[in-house]
Amino acid sequence: MELRNYITAKISRGEQQGYVAECLEINVVTQGSNLDEIVSNLQEAVALYLEDEDPTELGFVAQPTVLVTFEFHPEYA
């Protein structure tokens, strides 16, 4: 089995306010009031999730990168 180099996360606007980040391959979801906060919260949440885990057992290299995409809906005039 080939190990993945990255964990995929998606950031989108929250239903009422702020932002929500969700990892697609691992069970991590977090929120923040602005983009700086959501990125910081995401880093911390992923680190805590992997803290007592062996990433290779989850299909990842020893220190995977988090690849983040941002989902938004443009406003049209």
(message) To the nearest 20 Debye, how big is the dipole of the chain about its Cα centre, given +1 on the beta carbon of each Lys and Arg and -1 on that of each Asp and Glu?
(response) 280 debye
(message) Counting only chymotrypsin sites (Phe, Trp or Tyr not before Pro) that sit in a DSSP loop (anything but H, G, I, E, B) with at most 15 other Cβ atoms within 10 Å, what is the longest stretch of the chain containing none of them?
(response) 1-71
(request) Along Cα→Cβ, 7 Å out, is where each label goes; now give me the distance between the ones at residue 69 and residue 25 in nm to one decimal. (result) 1.4 nm
(message) Please report the equivalent ellipsoid semi-axes of the stretch 4-71, computed as sqrt(5 x eigenvalue) of the Cα gyration tensor, largest first, in whole Å.
(response) 23, 11, 9
(request) Scan around residue 28 for amide H atoms under 5 Å from its own, H built in the peptide plane at 1.01 Å from N, and keep only partners 5 or more places away or cross-chain. (result) 23
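Computed from the coordinates by the stated procedures, all read-outs in this text should not be read as laboratory data. Worth saying up front: this structure is predicted, and the values here are computed from it rather than measured. So basically every Cβ, Gly included, is an ideal-geometry build from the backbone, and we count neighbours across all protein chains shown.
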